[in-house]
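To start, the structure itself, in structure tokens.
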Amino acid sequence: MNAAVKELEEFRREVSAWLEANKPGDPGFLLPQSFMEVGTEQQVDFLREWQHKVWNAGYLGMAWPKQYGGQGVDAAYQSIADQEMRRHGVPICFNVIGLGWAGPLINDIGTDEEKSRYLKGILSAEDIWCQGFSEPDHGSDLGNARTRASRDGDSWVINGTKIWTTLGNYAKYMILLARTNPEAERKYDGLSFFLAPMDAEGIETRPIRKLTGEYGFTETFFTDARIPADCLMGAEGQGWKIAMQTLQYERGAEAGAAGGLAFVRIVIDDLVEQLRDVPRGDAGVLDDPVMRDELVRLIMEEKAIALGDRRSGISALTSDYPLSLPLSNKLRWTEYTRRMRQFAINAQGADGALYVGDDRAPAGGFWQRAYLNSFSATIGGGTSQIQANIIAEHVLGLPK
Amino acid sequence: MSVIGNTALRFDDEQAMLLDYARSFCADKGLAEARLHLESEQAHDVSLWQEIVAMGWTGIGLPESAGGAGLGIGAAVPVLESMGRVLMGTPLMSSLLAVQLLVRADATAAAAILQSIAAGEVATVAQLEASGWASSEVTAQLDENGRVQGHKRMVMDAAQARWLVVTLDHEQAALAVIDTQSLAADAIRPRQLIDLTHRAADVLLEDVEPALVITGDGVPGALRDYTLLGALLVAAESTGAAAAALDTIIDYLKTRKQFDKLIGSYQALKHPAVDILNNVDSSRSFIYHAATLVGDGVLGRDQEIACRMAKAQATETLKFAGDRAVQFHGGMGFSWECDAQLFIRRAQWAQQQFGDAQHHRKYLADLLLNS
């Protein structure tokens, strides 16, 4: 073992010990499983405190520069911290739009001034960020965004509506995609990218109540909202390019993201464990041959995705359609997740009909809520149907 | 411990070269080669088998100590996947599996026979007696004179085989190797398979003097490993076939026009094509995962799970791909000329070999869910 590897292993032990000692106990209310599910003040306060604690301990933004609140060390350290956080099942670091989108972008292409203004607050969870990309009429078709930004002296004047703004009513800043030139020949060239303050006059948020009954998103209205001219990121007309650049940070700390867990991964083991004590007829649900067959199918589906991750790194075994595995991952994982969570409710018997708030609901209604929330992933970021079109056209080469 | 368990998947340069070589060899022959022999007695040319023997593929899985190439049986996966792509119907799989059974039962006793198989004599295992692989019923036996009596069903490539490895009801289990030259003229009775690219026959064994009898503790374990490896090799072949069925579909969707539009632009055809792609991806991941794990030793729990998942996934994938290949070709798909029929027929055969998906999932449930 060389020195660097040894050091990383020591670091892993250090983080693990810290997480062991500092993992929060049961708060007495259901915590969100992803940053898109934060719906109450109670949850926001809890998660803000947790993220602050993780950052304070030095386990968030580790690869970001020291002068802006990071640790200035190799991203490998952050990756290890993230792995350990997942392994210990600690809560999420919920300021995800800041940590995984806005922050890395500012780090990469921002001015020194922007870096000192924004980065530290992102890490400490003092400044919550949200994202204004989707519009009511342009969900899957982002390139057609209509929200207008017009230059007026020292300000940009924004008019339009954004929707599905995660954490919109808690956010201090928004990364905003708006049209600065409606006449541009290519629709993409008419878009610009802004770091907009949410407290500007003329910006209103209306919380959207989700199918779970909780809040997590807002619709955001801009009515002659004035934001300072220096809120423009990059140059005018580069909005689409910059928006696409944010997508690369999804690959984690190695790609520039600050780190931390964005969501609690619910896997097939959680389901199998949950079903160990569930009766069905005179025996357990895990003794029922039909239910066993269904479970084996689900296990195979999850295992196939895990094996696909391994295979995607071997070019000799991906030569038919090299983009197939990476481009299909979102579709496959989210659709699998949705069905797996639905099956969990199915397998619970009569109590499966109970929901969060009922004292008999299995696991406090965890699976019921998780199932309903799973649609955020099969719809958000491009619906499964749009994903299938993308795969058909870009992987299989089928005509539009 | 996670029910997902072992997710090892490795593929070294040597294996990559073998895959590359096997793919281009098979692609050169093409589906046209399989089509030539659909209604002949043999599913291939004699010369094709000679080429396969010359490339050393009949020695895959045979340990160096027994005169083999020292490539583990996992190396058969890229070869059979490649053959599956063009539905090449040679007895290679039969021979490789007979070798595995013999090597695992008693490589020393079978040394001479193993060498002849590696040199190109076809061998096959005569196992099935009941109506399917869910039953392990065996009644074939050695009589008091040491002669084999019994009736075996659906023996792959029996009509071409020099050696039959017959499973026997004897002590805990035993094997008899029979030289087909010692059989009566009507002992081998070809069956009409739905898959026209493979051949199988029933075998009537009456007073047959075996060339070799293997008994002892090694036999039951060898039989178990043989059925798992059989499942894996059929899965490999089926994965190649499913990938080829997908290619056939995509070609058609990109060229056929209706209502002035390429039919591939319709989502009703696009989305199932993506489902097939994802399923082929899963099949490939499973077969190469299993290929990574299986070695010369006794197969353990992880290997058993890998082989069963590979089979449960790959033949279901091929069924789906073949089925949609026929449907998506419209009227053409209903014709003999269209290749889609070859895939859908292969699928019906493959799902039955070494147990169907339901059979394997039943065993997987025991392996994965019993606490």
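The values are calculated or read from the model by the stated rules, or taken from the named source; none is laboratory data. None of these values were measured; they are calculated from a predicted model. As a convention, Cβ positions derive from the backbone with ideal geometry for all residues, glycine included, and neighbour counts pool all protein chains shown.
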* Asked: Just checking, how many residues over segment B:121-157 are more than 18 Å from B:Leu97 (Cβ to Cβ) and assigned to a strand (DSSP E or B)?
  -> 6
* To do: Could you check, for segment B:334-357, whether at least one of its residues is closer than 30 Å to A:Asp277 by Cα and modelled with pLDDT of 95 or more?
  => yes
* Asked: In this structure, does A:Gln274 turn out to be more than 10 Å from every other protein chain (Cβ to nearest Cβ), within 30 Å of B:Thr317 (Cβ to Cβ), in a helix (DSSP H, G or I) and among the polar types (S, T, N, Q)?
  -> yes
* Hey, B:His271 within 9 Å of another protein chain (Cβ to nearest Cβ) and touching a Leu at 6+ places or on another chain (Cβ under 8 Å) or not -> no
* Would segment A:1-20 turn up any residue that is closer than 30 Å to A:Gly380 by Cβ, in contact (Cβ under 8 Å) with a residue 24 or more places away in the chain and surrounded by fewer than 17 Cβ atoms within 10 Å (Cβ to Cβ)? -> no
* Structure fact -> Given the conditions (1) of a type in the set (Val, Ile, Thr); (2) in contact with a helix residue (DSSP H, G or I) (Cβ under 9 Å, 6 or more places away or on another chain); (3) at pLDDT 95 or above, every one holds for A:Thr166 apart from (3)
* Structure fact -> Scanning segment A:321-340 for residues that are without any contact (Cβ under 8 Å) to a residue 24 or more places away in the chain and more than 7 Å from every other protein chain (Cβ to nearest Cβ) gives A:Pro322, A:Pro326
* Could we say that B:Ser95 is away from chain A (no Cβ under 14 Å), within 19 Å of the chain's Cα centre (by Cα) and buried (at least 21 other Cβ atoms within 10 Å of the Cβ) here? -> yes
* **The listed residue being of a type outside the set (Val, Ile, Thr), at pLDDT below 95, touching a helix residue (DSSP H, G or I) at 6+ places or on another chain (Cβ under 7 Å) and in the same structural domain as A:Val272 (by TED's automatic domain parsing), out of A:Gly381, A:Gly349, A:Gly365, A:Gly308** => A:Gly381
* To do: Among the numbered conditions (1) farther than 30 Å from A:Tyr68 by Cβ; (2) of a type in the set (Ser, Thr, Tyr); (3) modelled with pLDDT under 95, tell me where A:Ser150 comes up short.
  => (3)
* **Hits in segment A:350-386 (condition: more than 18 Å from A:Val264 (Cα to Cα) and assigned to a helix (DSSP H, G or I))** => A:Ala350, A:Asp351, A:Gly352, A:Ala353, A:Pro362, A:Ile379, A:Ser384, A:Gln385, A:Ile386
* Would you mention how many residues in segment B:293-311 are facing chain A (nearest Cβ under 10 Å) and surrounded by fewer than 24 Cβ atoms within 10 Å (Cβ to Cβ)? => 0
* **segment A:232-253, residues that are assigned to a helix (DSSP H, G or I), under 26 Å from A:Val38 (Cβ atoms) and either touching a residue at least 24 places away in the same chain (Cβ under 8 Å) or within 14 Å of chain B (Cβ to nearest Cβ) (or both)** => A:Ile242, A:Ala243, A:Gln245, A:Thr246, A:Tyr249, A:Glu250, A:Ala253
* How about segment B:171-214: which strands (runs of 3 or more DSSP E) wholly inside it have at least 2 residues that are at pLDDT 95 or above and farther than 30 Å from B:Ile344 by Cβ? -> B:174-179, B:200-208, B:212-214
* Asked: So, in segment B:1-13, of the ones that are free of Cβ contacts under 8 Å to residues at least 12 places away in the same chain and under 16 Å from B:Ala76 (Cα atoms), which residue ends up surrounded by the fewest Cβ atoms within 10 Å (Cβ to Cβ)?
  -> B:Asp13
* Members of segment B:249-264 found to be facing chain A (nearest Cβ under 9 Å), surrounded by fewer than 17 Cβ atoms within 10 Å (Cβ to Cβ) and assigned to a helix (DSSP H, G or I), listed by number -> B:Lys254
* If you take the residues of segment A:342-381 that are under 26 Å from A:Leu247 (Cβ atoms) and either crowded, with 19+ Cβ neighbours inside 10 Å or basic (Lys, Arg) (or both), which of them is nearest to the chain's Cα centre (by Cα)? -> A:Ser376
* Sort through A:Ile106, A:Ile97, A:Ile122 and tell me the only one that's in contact (Cβ under 8 Å) with a residue 24 or more places away in the chain, over 22 Å from A:Arg265 (Cβ atoms) and under 17 Å from the mean Cα position of the chain (by Cα). => A:Ile122
* Search result, residues across segment A:304-320 that are assigned to a loop (DSSP other than H, G, I, E, B) and at the interface with another protein chain (Cβ under 7 Å from one of its Cβ atoms) -> A:Ile314, A:Asp320
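Table: residues versus (1) assigned to a helix (DSSP H, G or I); (2) in contact with a Ser or Thr (Cβ under 9 Å, 6 or more places away or on another chain).
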position	(1), (2)
B:Gly5	no, no
B:Ala8	no, yes
B:Gln15	yes, no
B:Ala22	yes, yes
B:Ala27	yes, yes
B:Glu33	yes, no
B:His44	no, yes
B:Trp49	yes, yes
* segment A:277-303, subset facing chain B (nearest Cβ under 7 Å) and under 23 Å from the mean Cα position of the chain (by Cα), residue surrounded by the most Cβ atoms within 10 Å (Cβ to Cβ) -> A:Lys303
* To do: Enumerate the pairs (first residue in segment B:33-50 and modelled with pLDDT under 95; second residue anywhere and of a type in the set (S, T, N, Q)) with beta-carbon separation below 6 Å, excluding pairs fewer than 6 apart on the same chain, so at least 6 apart or on different chains.
  => B:Ala34/B:Thr197; B:Ala43/B:Thr197; B:His44/B:Thr90
* Structure fact -> Flagged pairs (Cβ under 9 angstrom, 6 or more apart or on separate chains; first in segment A:363-387, within 19 Å of A:Gln248 (Cα to Cα); second among the aromatic types (Phe, Trp, Tyr) and outside any helix (DSSP H, G or I)) are A:Ala377/A:Phe263; A:Gly380/A:Trp164
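Residue-by-condition table, conditions (1) among the aromatic types (Phe, Trp, Tyr); (2) within 19 Å of A:Ala17 (Cβ to Cβ); (3) buried (at least 17 other Cβ atoms within 10 Å of the Cβ); (4) over 21 Å from the mean Cα position of the chain (by Cα):
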| position | (1), (2), (3), (4) |
| --- | --- |
| A:Tyr59 | yes, yes, yes, no |
| A:Gly72 | no, no, no, yes |
| A:Ala81 | no, yes, yes, no |
| A:Gly89 | no, yes, no, no |
